[in-house]
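See structure below.
The values are calculated or read from the model by the stated rules, or taken from the named source; none is laboratory data. Given the structure is predicted, the values throughout are model-derived calculations rather than measurements. When we count neighbours, we look across all protein chains shown, and the Cβ atoms used for this are built from the backbone with ideal geometry, even at glycine. Surface areas here come from the heavy atoms of the whole protein model, side chains and all, with no ligands, DNA or RNA. Shrake-Rupley method; radii C 1.70, N 1.55, O 1.52, S 1.80 Å.
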Amino acid sequence: MSDQPPADHLKAQGRALVREAALVAGKWIPAGDDAIKVHSPADGSLLGRVPKLSAAQVDQAIDAAAGAFPAWARTKGKARGDILARWADLVTQNEDGLAALISLENGKPWKEALDEVRYANSFIRWFAGMAERLDGKAIESPNGEDLILAFREPVGPVAAITPWNFPAAMITRKAAAAFCAGCPVVLKPASATPFTGLALAALALEAGIPAECFSVVSGGQDVVGGRLTGSELIRKLSFTGSTSVGRKLAAQCAPTLKRMSMELGGAAPLLVFDDADLEVAVSGTVAGKFRAGGQTCVCPNRVYVQAGIKDAYLEALTMRVAALKVGDPFAPDTEIGPLIDEKGVTKVEDHIARTVAAGGKVLTGGQRMTGSYFQPTVIAGGDDELFCHEETFGPLVPVFTFDTEEQAISRANASEFGLAAFLFSDDLNRAMRVGRAIESGIVGINSGLISNAANPFGGVKQSGFGREGSTYGIDDYLQAKALTLALR
Ligand code: SIN
């Protein structure tokens, strides 16, 4: 039995939150003739349009943020925290509609979209609580006489560039941290899913975030991304997206020496040892892999299972994956919605074709369905090399075999990426040993779900740098200011 409200009711709630505009310093700028069209991945219908802002309009948002920065930075931490808490309350009050909006523009099932809204809101609440705890340090000078007072001050106006796979959570993880620290934000949401960000910003302004401190700018990456990264007034960029785009943005930020947080691509390994609990390993694989239909940077991209447990694992995994319900995001029993677009579908097809050509065997799924829906797929064997270097970003689990712990670690680390990794073992010593040896920022041990506000989220190697959420997530928005007090 589902307690999900009827689809028509939810869709109407989601559509009511669509604003066909950009938000610049409190003014809604409507979409003109030359606008970005936003389509539903579920049925291709047009949801609405957002404007392609000019360079001058993006500059207005930046100038407003810079102008508002000193007063926002001086606002007491407690007051900023109270505003964030009010924002979180408003998000909670609107969570059904926000979830519907996510389902409409992103295609994830409504229940999963509701989980995302709550996940997104957990960052707002997390940083609401932190805003009055941004204390500095008193340090004794080496001369034994002076006192150094190190304050933690906000870095300045922040640009946030966010992806389509989590249209709410990737925004709040950045914006709530920035507001907590005392930084204004100019946000560029993904062009495929701009409406959730606009709806969140409207609620933030209603909660009391000053209008100049939160603009949402839409348009071409060249114009909008170019102005944000090139501006001297923007003092930090926080980006979530692909490694290739991250590199370009980093190069664009170099002349103005901005702070950067880069949450980039991954190719997460998932290791299953002979001593793992089979049910825990299979459930963890399915939960991690099929979250957002496999379209997350942290979902397992390649599974390595030890020879002794391989047959049992493959049999149980195949049964579970074959039973997953693919369908309309608003149908109550849907577990997997459509992929974001046709490009996403052809990538999954390409990975399956290349793995089959290398000797892999499709155990379930393997085919595109109607539109951008794709069958959840398990494939065993073939060459893992492809999956060490390319993220599938779709509902495909490729499974390979290993014999020894050393081999497992070596394959896990055979990638330029290092965002997330997972391992399943009931031997605590092994779990700690392997967990420490894997080159990645986040490791799930006996769990496929590692994303929450308390976890320092971020990668190593070509998966980027900086941490989001957790007690570390504020650090990139603050800088030390040291006063030396000479005592006599
Ligand atoms: C991502 O896919 O970039 C982030 C996913 C998450 O926060 O779990």
Flagged in segment 247-260 as open to solvent by less than 10 Å² (accessible area, probe 1.4 Å) and under 22 Å from Ala169 (Cβ atoms), in numbering order, are Leu249
Contact list, first residue from segment 299-315 and within 16 Å of the ligand (Cβ to nearest atom), second anywhere and in a helix (DSSP H, G or I), beta-carbon distance below 8 Å, six or more apart or interchain, is Cys299/Gly288; Cys299/Lys289; Cys299/Arg291; Cys299/Ala292; Pro300/Thr285; Pro300/Gly288; Pro300/Lys289; Asn301/Phe387
Here the qualifying pairs (Cβ atoms under 8 Å; residues six or more apart or on different chains; first in segment 148-166 and more than 17 Å from Pro189 (Cβ to Cβ) and of a type in the set (Asp, Glu); second at pLDDT 95 or above and more than 16 Å from the ligand (Cβ to nearest atom)) come out as Glu153/Ala73; Glu153/Gly182; Glu153/Leu478; Glu153/Gln479; Glu153/Ala480; Glu153/Lys481
Restricted to segment 423-446 and to residues being of a type in the set (S, T, N, Q) and open to solvent by less than 40 Å² (accessible area, probe 1.4 Å), the residue farthest from the ligand (Cβ to nearest atom) is Ser425
Residues of segment 325-337 being in contact with a strand residue (DSSP E or B) (Cβ under 8 Å, 6 or more places away or on another chain), over 16 Å from Gly366 (Cβ atoms) and open to solvent by 30 Å² or more (accessible area, probe 1.4 Å), in sequence order, are Lys325, Glu335
Given the conditions (1) under 22 Å from Val362 (Cα atoms); (2) crowded, with 18+ Cβ neighbours inside 10 Å; (3) within 16 Å of the ligand (Cβ to nearest atom), every one holds for Ala287 apart from (2)
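Every residue, every condition in (1) touching a Phe, Trp or Tyr at 6+ places or on another chain (Cβ under 8 Å); (2) away from the ligand (no atom under 16 Å from the Cβ); (3) open to solvent by less than 60 Å² (accessible area, probe 1.4 Å), yes or no:
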position: Met319; (1), (2), (3): no, yes, no
position: Ala323; (1), (2), (3): no, yes, no
position: Ile340; (1), (2), (3): yes, no, yes
position: Val345; (1), (2), (3): yes, yes, yes
The one condition Ser244 fails out of (1) polar (S, T, N, Q); (2) assigned to a strand (DSSP E or B); (3) open to solvent by 10 Å² or more (accessible area, probe 1.4 Å) is (2)
Screening Val24, Val91, Val18, Val58 for residues that are among the β-branched types (Val, Ile, Thr), surrounded by 22 or more Cβ atoms within 10 Å (Cβ to Cβ) and touching a strand residue (DSSP E or B) at 6+ places or on another chain (Cβ under 7 Å) leaves only Val24
Filtering segment 452-476 down to residues that are within 13 Å of the ligand (Cβ to nearest atom) and either surrounded by fewer than 20 Cβ atoms within 10 Å (Cβ to Cβ) or at pLDDT below 95 (or both) yields Asn452, Ala454, Asn455, Pro456, Ser470
